[in-house]
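The values are calculated or read from the model by the stated rules, or taken from the named source; none is laboratory data. Only a predicted model underlies this, so the values are computations on that prediction, with no experimental measurement involved. With ideal geometry, Cβ positions are generated from the backbone for all residues, glycine too; neighbour counts draw on all protein chains shown. We work out accessible area using only protein heavy atoms, side chains counted, and drop any ligands, DNA or RNA first. Shrake-Rupley method; radii C 1.70, N 1.55, O 1.52, S 1.80 Å.
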2 protein chains.
Amino acid sequence: MSLRNALLAMLTSQPMTGYDVYKNFQTSVGYVWHAPDSQIYPELRRMEQDGLIRGETVPWGKRGTKKRYSITEAGVESFRAWLNAPPEYQRERDPVRLRAAYLEWASPTASADFFRAHIAYHSARVEDWEDMIRTLRDHSNPTLAKRLEGKSEEEAERITAYKVFAYEGMIARAQTEIEWAEKGLELVERLERRG
Amino acid sequence: MSLRNALLAMLTSQPMTGYDVYKNFQTSVGYVWHAPDSQIYPELRRMEQDGLIRGETVPWGKRGTKKRYSITEAGVESFRAWLNAPPEYQRERDPVRLRAAYLEWASPTASADFFRAHIAYHSARVEDWEDMIRTLRDHSNPTLAKRLEGKSEEEAERITAYKVFAYEGMIARAQTEIEWAEKGLELVERLERRG
DNA sequence: ACCCTCTATCTATGGAGATAGGTAGTTGTT
DNA sequence: AACAACTACCTATCTCCATAGATAGAGGGT
C-alpha cells in the first residue's frame, strides 16, 4: 500500500498527470520510493475508482489530451490515516548480509570486489541525497516550491524540515553501510592473506 | 533469486528436509532472510528439477516418510557463482523514510509514536542479533557446529568470522536507525511544541 | 482411547513489482 | 518534409511474497 501513499503524497503538492508522477518518481521522490510507469498508471485508475483522486481530461496540443489527477478530501483523509497509523515492518530479507555470511565460499578477490561495490553504490546514493537536500534547503526543488505556496514562514520551515530529515536518514544509513564494508575489506585482508 | 541461494547456503551445512529448512528460517537464518513454508517447499522442488539439490525419501515413524535434500556438485557451483558475481541493488523503496518526509500531515502524537515504534522495533532486532552472535561465538549454534565438523581451527575461525561480521552489519544498521529516530523525536518536539 | 502439539507437506489466491514490449500525439531540429 | 526526442498512456507476462487455508502422521500425556 506504500505506492498508493507515495502517489497521494505527490498529489498533495499539486494536481498532476500520470506522466508527471512518473517523471517525479524517476528523479526527486524516486530516491526514496521508485515505481515504473506500468505500475503508476493502473494504480492511479484504481485510486480514482476508490474516490481518493479525481481525474479530468485536459487538452494537450491540437488533438491530444491528457488526464490530470487531483487529490480529493477522501484522499487526504486516507493519506492522513496512513501517517497516523502505527508503522508495519517487513520481515528481514537482506541479500547483502546473506552473501556476507557465506563469503568463505567466495574467492578473496570476489569478496573484496563485493565490499568495494557496496561502498561505490552507497557513496553514489549519498551524493544523490545530498544534492536532494540542497534543492530542498534553497527551495529550488519545484515540487517543494509548489507545496510551500501560500504557506507561512513557520509552516514552510516545518514542511521542509521533515523532508530534509528523511533524506538525512537515508544518508546516515548509507554511511553505516560504507563503514561496514570498509571493515569488511579489512576482514578479508586479515583472513585471506595467508591463503 | 536470493531465496534459492539462502536455501543452498543452508544445505551446504548438512542435508535437511523442507521442514528443517523452514524451522531454521524461523529462527537463526530467519534473522537475515525470512521465508514462509509455502515458498520453501515449491522452491525446493524446482531446485531438485534444476539439479541443484537431490531429494531422498526417508522413513519417519511407522508409516510416515519425509524428504531429505542434499546439495549436489551443481548446487555448490551455482552457490559459488552467486557469491563471486557482482551484487545487484534493488531500487530504493523505503516506507519509513516516505512517511517521515510527510509528517507535517500527521498529528504530533502520532509522529512521536512513529519514532518510538521505530526505536522499539530496531532495539528488539539488536537483541536478536546479539543473541545470534553469542551462539556463533561459543559454537552453541547447531547449524554452525555441523558446518565446522572436521574443519581445521583456522578454517573454523574464518567461517565463523564472516557470519559474525554479517550480523554485526545488521546491528550497525539498526543502531543507525535508532539514532535517527531519536533525532526524530527531538525534531517533533522542536517543531510541534508551539502548535 | 482421546487429545494436543509437533512434524511434514501441500494448494490456492492475490498483491506487488520487474521487465519488456506497444501506440499515438507533440515539439523542436535539421 | 523528415526526423528524433519527448510526452502520454497502455498491455502482457513472470517472479516473488503474503496470507490463509488444508491434510496427515508422530509423539506424548491423561
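Observations on the structure shown:
- All conditions but one from (1) surrounded by fewer than 17 Cβ atoms within 10 Å (Cβ to Cβ); (2) closer than 21 Å to residue A:9 by Cβ; (3) facing chain A (nearest Cβ under 10 Å) apply to residue B:154; the one that does not is (2).
- Segment A:145-195: number of residues that are over 28 Å from residue A:122 (Cα atoms) and in contact (Cβ under 8 Å) with a residue 24 or more places away in the chain: 3
- Within segment A:24-58, the set of residues being surrounded by fewer than 17 Cβ atoms within 10 Å (Cβ to Cβ), within 13 Å of the chain's Cα centre (by Cα) and away from DNA strand C (no atom under 13 Å from the Cβ) comprises just one member, A:27.
- Per-region count, segment B:54-75, residues at pLDDT below 90 and either touching a Phe, Trp or Tyr at 6+ places or on another chain (Cβ under 9 Å) or charged (D, E, K, R) (or both): 2
- Pairs, first within 14 Å of chain B (Cβ to nearest Cβ) in segment A:38-66, second away from DNA strand C (no atom under 13 Å from the Cβ), C-beta under 6 Å, six or more apart: A:40/A:21
- Inter-residue pairs, beta-carbon under 8 Å, first at positive phi and in segment B:118-144, second modelled with pLDDT of 95 or more, 6+ apart: B:139/B:148; B:139/B:160
- Of all residues making up segment B:9-23, the number that are of a type in the set (Gly, Ala, Ser) and more than 8 Å from DNA strand C (Cβ to nearest atom): 2
- Some residue of segment A:70-79 being out of contact with any strand residue (DSSP E or B) (no Cβ under 6 Å at 6 or more places or on another chain) and charged (D, E, K, R): yes
- Some residue of segment A:59-69 being within 23 Å of residue A:149 (Cα to Cα), within 14 Å of DNA strand D (Cβ to nearest atom), in a loop (DSSP other than H, G, I, E, B) and in contact with a strand residue (DSSP E or B) (Cβ under 6 Å, 6 or more places away or on another chain): no
- Residue A:99, sole failed condition from (1) among the basic types (Lys, Arg); (2) more than 8 Å from chain B (Cβ to nearest Cβ); (3) part of a helix (DSSP H, G or I); (4) within 16 Å of DNA strand D (Cβ to nearest atom): (2)
- Failed criterion for residue A:87 (all others in (1) more than 16 Å from DNA strand C (Cβ to nearest atom); (2) facing chain B (nearest Cβ under 7 Å) hold): (1)
- Any chance residue B:133 is under 29 Å from residue A:77 (Cβ atoms) and touching an Asp or Glu at 6+ places or on another chain (Cβ under 8 Å): no
- Flag if residue A:81 is loosely packed, with under 14 Cβ neighbours inside 10 Å, among the aliphatic types (A, V, I, L, M), outside any loop (DSSP other than H, G, I, E, B) and at pLDDT 95 or above: yes
Quick grid of which residues meet (1) modelled with pLDDT of 95 or more; (2) out of contact with any Cys (no Cβ under 8 Å at 6 or more places or on another chain); (3) open to solvent by 20 Å² or more (accessible area, probe 1.4 Å):
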site	(1), (2), (3)
A:91	no, yes, yes
A:113	yes, yes, yes
A:118	yes, yes, no
A:128	no, yes, yes
A:138	no, yes, yes
A:145	no, yes, yes
A:163	yes, yes, no
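- Of the residues making up segment B:184-194, those that are loosely packed, with under 15 Cβ neighbours inside 10 Å and either in a helix (DSSP H, G or I) or within 9 Å of another protein chain (Cβ to nearest Cβ) (or both) are B:186, B:189, B:190, B:194.
- Failed criterion for residue B:5 (all others in (1) within 10 Å of chain A (Cβ to nearest Cβ); (2) more than 22 Å from residue B:141 (Cβ to Cβ); (3) not charged (D, E, K, R) hold): (2)
- When residue B:61 is tested against (1) within 15 Å of DNA strand C (Cβ to nearest atom); (2) open to solvent by less than 10 Å² (accessible area, probe 1.4 Å), exactly one condition is not met: (2).
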